[in-house]
Structures are given as C-alpha cells and as structure tokens.
Amino acid sequence: MGIFKRFKKSNPTTSPSENADNAEQAAYSNKPPEDDIENSGAASTSAELSEFVPDLASTEQQDYDRGNLWQRLQSGLKKTRDVLKTDIRDLFKTDGQLVDDEFLKRLFAILVKTDMGGGPAEQIKSRIESQFEGRVIEFEDVLKIIRGELTELLTQPTQPVRFAQSGPSIILVVGVNGSGKTTSIAKLAHHFQAEGKSVLLGAADTFRAAAVQQLTIWAERLGVDIVKGDQGGDPAAVAHRSVAQAIEKDVDVCIIDTAGRLQTQTNLMKQLEKIFRVIQNQIPAAPHEVFLVLDATAGQNGISQARGFSEAANCTGIILSKLDGTAKGGVIIPIRQEFSIPVLFVGQGEQPEDLAVFKVDEFVAGLFDEV
Ligand SMILES: Nc1nc2c(ncn2[C@@H]2O[C@H](COP(=O)(O)OP(=O)(O)OP(=O)(O)O)[C@@H](O)[C@H]2O)c(=O)[nH]1
Ligand SMILES: [Mg+2]
C-alpha cells in the first residue's frame with residue numbers, strides 16, 4: 001500500500017495554497033529565488049524546447065502514420081527485432097543447426113541482449129534444449145518457440161483505462177526525470193481525443209525550467225486546454241485548479257504532469273502526496289489512474305529507479321516509452337514480472353500518434369514480423 005492512502009478523506013483542504021505548511025515550505029527552500037526563476041525560464045526556453053518538443057511530422061507523414069498503426073509499432077520495435085531475428089539468423093550457417101551447448105550458449109547471449117533478463121532467457125533456452133537437444137533445429141522453429149514463450153511471459157489480464165463513472169476522469173502521470181512523461185501526456189491526449197473525449201492538461205511540473213512551456217506547446221498543437229502555474233510555484237495548486245476546471249467545464253479526461261526530480265526524493269514524494277490530497281479533496285475516487293512512465297532505453301536499470309515511484313505513488317498502469325530508441329525492448333518482460341500493475345501503453349516515437357495500446361499478441365508479432 002502506498003503512502004497516499006493515509007491522506008484519503010483525511011485532513012480536508014479547500015485550497016492547496018492555504019495548506020502549504022512550514023515544513024513543506026522548508027522542503028522547497030532550495031528552489032531558486034523568483035527573479036532567477038524568471039530568468040532561467042526565459043533563457044532556457046528556446047534551447048530546451050527544441051530538445052524536448054520535436055517538430056510535428058508533415059501532414060502527409062501524419063496521414064500516412066494514422067493509417068498505419070501496425071506499421072508504426074513494427075518500426076518502433078525494429079531495433080529489438082533486429083537483435084532477435086538478425087542475430088539469431090546468424091547462428092544458422094546452414095538451414096538447420098545442431099542444438100548443442102555452443103548453440104544454446106550463443107542463443108542465450110542474444111536473448112539477454114534484449115534486456116529480457118536471465119530468467120526468461122534461461123526459460124526459452126531450456127524449452128529449446130528439452131525439445132531439440134542433439135537434434136537439428138530450423139530457424140523458424142527457434143522463432144516459434146521464442147514467440148510462444150514471450151507471449152506466455154507477457155500475458156496479463158486485459159485492463160482498459162479506468163474512467164470515472166460520471167464526471168471528469170483524473171489521470172496523474174509520474175516517473176523519473178526524463179522518462180518521457182510530458183511527451184507521453186501529449187500522446188495520451190491525442191489518443192483520448194481520437195476516442196471523442198475532451199481533454200484538459202494540468203502542468204504541475206513547476207520545477208524544471210521550460211517544463212510548463214513544453215506542455216503548453218503540446219496543448220496548442222493538440223487544441224486542448226491547459227492549466228498552468230508559475231515556474232517554481234506550488235504544483236499542488238496547479239493540480240487543484242486543473243481538477244476544479246475539469247469539473248467546471250465538464251471535461252472528460254484531465255491529465256496532470258508532475259516533476260520527475262526535485263532536490264531530494266523525499267521532497268518529490270511529499271509533493272506527490274500533496275497533489276494526491278488536493279485531487280481527492282475534490283473527487284474522492286480520483287486520481288482514477290496513475291500512470292508510471294518507464295524509459296525502455298534505460299533497460300533493466302530503469303526498473304529499480306522506478307520501483308520507489310510505483311510503490312509510493314500507488315501507480316495503476318505503466319507506459320513504456322522510447323521503444324523505438326532501443327534494442328532493449330525485451331525489458332518489457334522483467335517489467336511485467338516485477339510490477340504488479342499492467343503495461344497499458346507503449347511509446348515508440350516523439351509524435352502524438354506514437355502511442356500504442358499494449359496488446360500482447362501485437363507486441364510479440366511486432367518483435368518478429370516484417371511489414
Ligand atoms: N524516440 C523517442 N523519444 C521520446 C519518446 N518519449 C519521449 N521522448 C523524448 O525523450 C525526451 C524526454 O521526454 P519528456 O517527455 O520531456 O520526459 P519527462 O519525463 O517529462 O522529463 P522531465 O520533465 O525532465 O522529468 C524528449 O526529448 C522527448 O522527445 C519516445 O517514445 N521515443
Ligand atoms: Mg516533463
């Protein structure tokens with residue numbers, strides 16, 4: 001159970017700004033003075049934003065992409081597919097290959113390269129060993145066994161996004177610094193818009209220079225409203241106003257961005273607690289979802305970093321971002337094993353369309369099938 005349950009329905013607060021106690025003020029005392037904030041925000045804007053908000057794809061490219069979700073998932077998984085298919089094919093000097101220790105060792109090394117973890121790689125190796133040891137195996141047989149094992153390892157209960165039964169659904173997005181939270185929020189907004197839902201964004205990462213501007217640009221591009229605060233201001237106040245506006249304007253989905261880093265991890269967790277509290281004061285059942293964004297390029301290293309977040313923030317689902325940038329797409333397996341929450345979406349690029357609902361069969365097919 002995460003730390004936020006403690007606050008549920010306790011310590012009623014009407015205004016987050018009224019509630020900022022001295023201890024919390026002290027916890028944020030490392031933040032730069034207001035003058036510096038303004039300067040740093042202005043100075044960093046153009047440089048940082050060009051790094052964090054990519055140009056939109058051309059209209060032709062977007063039309064092409066929208067019609068080709070499957071192709072997009074496949075291209076996102078290309079680097080991992082290259083390791084799996086090309087490297088395994090390289091094990092075959094002729095059509096068939098004798099399954100001996102050397103073959104199994106080399107196969108194991110290829111599987112581990114995808115960051116699927118030693119356990120799953122061992123499981124696949126053992127399956128091939130038990131079925132084919134001392135016999136000749138074809139390339140296609142190896143792929144078939146890996147596909148079957150991966151499907152089994154990745155299978156999870158189907159769980160659609162949980163929306164409020166009535167009124168706005170509140171989604172909080174958390175994750176370590178740079179994992180892809182803000183970009184994933186833009187993609188989620190686009191995804192919900194495509195389902196015909198109205199979306200409001202809350203820019204509650206008031207810590208990082210240009211974070212608010214980054215989300216503002218996305219909001220403008222997507223044509224959705226955004227609630228912002230001043231940089232260095234109280235993120236819980238932004239969350240409070242976001243939910244209030246979502247209720248007032250009867251918005252379907254309100255997605256709230258959060259900071260990935262503060263001066264200390266304790267401060268960050270305290271900040272998230274406060275955000276939870278102000279949301280629940282307005283809608284007791286909210287947030288309806290807390291999405292944890294994990295960066296696939298970090299491979300298994302990212303998992304331990306994110307574990308603290310997941311436990312503390314009562315996360316309900318995972319978005320695995322940046323699959324397109326890595327051959328470590330196999331990391332989804334240890335993620336499934338180590339987190340009790342499902343992977344709901346995968347991110348495979350920097351455009352709003354680059355988000356796929358995670359479906360085991362499609363994902364596994366994307367690891368093997370060419371267009
Ligand atoms: N290739 C690729 N890049 C991505 C993806 N998602 C995010 N990025 C890029 O990763 C960088 C960081 O993404 P952000 O969305 O700013 O990450 P964040 O978690 O909000 O970062 P902080 O606010 O600093 O904690 C940006 O340059 C994004 O464009 C993805 O799926 N694929
Ligand atoms: Mg961000």
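Which residue, of Glu195, Glu273, is within 28 Å of Asp324 (Cβ to Cβ), more than 16 Å from ligand 2 (Cβ to nearest atom) and among the charged types (D, E, K, R)? Spell out the reasoning first.
Values: Glu273 fails: within 28 Å of Asp324 (Cβ to Cβ).
Just a single option satisfies the conditions, and that option is Glu195.
Every listed requirement among (1) among the aromatic types (Phe, Trp, Tyr); (2) farther than 24 Å from Ala246 by Cβ; (3) at pLDDT 90 or above is met by Phe368 save one, (3). Restricting attention to segment 287-313, the residues that are touching a residue at least 60 places away in the same chain (Cβ under 8 Å) and farther than 17 Å from Gln337 by Cβ add up to 10. Taken over segment 354-364, the criterion of being more than 18 Å from Lys181 (Cβ to Cβ) and either touching a residue at least 12 places away in the same chain (Cβ under 8 Å) or surrounded by 19 or more Cβ atoms within 10 Å (Cβ to Cβ) (or both) is satisfied by Val357, Val360, Asp361, Glu362, Phe363, Val364. Taken over segment 111-137, the residue count meeting the criterion of being part of a helix (DSSP H, G or I), surrounded by fewer than 19 Cβ atoms within 10 Å (Cβ to Cβ) and of a type in the set (A, V, I, L, M) is 1.
Taking the criterion of being in contact with a Ser or Thr (Cβ under 6 Å, 6 or more places away or on another chain) and of a type in the set (A, V, I, L, M), the only residue of segment 155-183 that qualifies is Val174. Within segment 252-266, the set of residues being buried (at least 21 other Cβ atoms within 10 Å of the Cβ) and more than 16 Å from ligand 2 (Cβ to nearest atom) comprises Val253, Cys254.
Residue by residue, here is whether (1) within 14 Å of ligand 1 (Cβ to nearest atom); (2) modelled with pLDDT under 90; (3) over 22 Å from the mean Cα position of the chain (by Cα); (4) of a type outside the set (Phe, Trp, Tyr) holds:
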| position | (1), (2), (3), (4) |
| --- | --- |
| Trp218 | yes, no, no, no |
| Gln231 | yes, yes, yes, yes |
| Ser242 | no, no, no, yes |
| Ala246 | no, no, yes, yes |
| Val251 | no, no, yes, yes |
| Met269 | no, yes, no, yes |
| Glu273 | no, no, no, yes |
| Leu294 | yes, no, no, yes |
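Look at (1) within 13 Å of ligand 1 (Cβ to nearest atom); (2) part of a loop (DSSP other than H, G, I, E, B) and you find that Pro157 fails only one, number (1). Across segment 167-182, a minimum of one residue is classified as aliphatic (A, V, I, L, M), within 11 Å of ligand 2 (Cβ to nearest atom) and surrounded by fewer than 23 Cβ atoms within 10 Å (Cβ to Cβ). The set of residues in segment 271-326 being touching an Asp or Glu at 6+ places or on another chain (Cβ under 8 Å) and more than 27 Å from Val112 (Cα to Cα) consists of Lys274, Thr316. Please indicate, with yes or no, whether at least one residue in segment 224-244 is within 14 Å of ligand 2 (Cβ to nearest atom), in contact (Cβ under 8 Å) with a residue 24 or more places away in the chain, in a helix (DSSP H, G or I) and touching a Phe, Trp or Tyr at 6+ places or on another chain (Cβ under 9 Å). The answer is yes; a qualifying residue exists.
Out of Ser179, Ser184, which single residue is near ligand 1 (Cβ under 8 Å from one of its atoms) and part of a helix (DSSP H, G or I)? Please lay out each step first, then the result.
On the way: Ser179 fails: part of a helix (DSSP H, G or I).
Going through Ser179, Ser184 in turn, just one is near ligand 1 (Cβ under 8 Å from one of its atoms) and part of a helix (DSSP H, G or I): Ser184.
Of all residues in segment 92-142, which are of a type in the set (A, V, I, L, M, F, W, C) and closer than 22 Å to Thr326 by Cα? Full working, then the answer.
Kept after step one, since they are of a type in the set (A, V, I, L, M, F, W, C), are these residues of segment 92-142: 92, 98-99, 103-104, 107-112, 116, 121, 124, 128, 132, 136-137, 139, 142.
Leu107, Phe108, Ala109, Ile110, Leu111, Val112, Met116, Ala121, Ile124, listed by residue number.
Here the condition is being in a loop (DSSP other than H, G, I, E, B) and more than 16 Å from ligand 2 (Cβ to nearest atom); of Pro334, Pro287, Pro352, it holds for Pro287 alone.
Would you call Gln193 more than 14 Å from ligand 1 (Cβ to nearest atom), surrounded by fewer than 22 Cβ atoms within 10 Å (Cβ to Cβ) and outside any loop (DSSP other than H, G, I, E, B)? Give the steps one after another, and end with the answer.
On the way: more than 14 Å from ligand 1 (Cβ to nearest atom): yes; surrounded by fewer than 22 Cβ atoms within 10 Å (Cβ to Cβ): yes; outside any loop (DSSP other than H, G, I, E, B): yes.
When the stated conditions are applied, Gln193 passes them.
Pairs are defined by a Cβ separation below 7 Å, a sequence spacing of at least 6 or placement on different chains, a first member in segment 201-222 that is within 16 Å of Val173 (Cα to Cα) and part of a helix (DSSP H, G or I), and a second member that is more than 10 Å from ligand 2 (Cβ to nearest atom) and at pLDDT below 90; the pairs so defined are Val212/Thr206; Val212/Gln231; Gln214/Leu49; Gln214/Val53; Trp218/Val53.
The values are calculated or read from the model by the stated rules, or taken from the named source; none is laboratory data. This is a predicted model, so every value here is computed, not measured. Here Cβ is always computed from backbone atoms with ideal geometry, including for glycine, and neighbour counts include all displayed protein chains.
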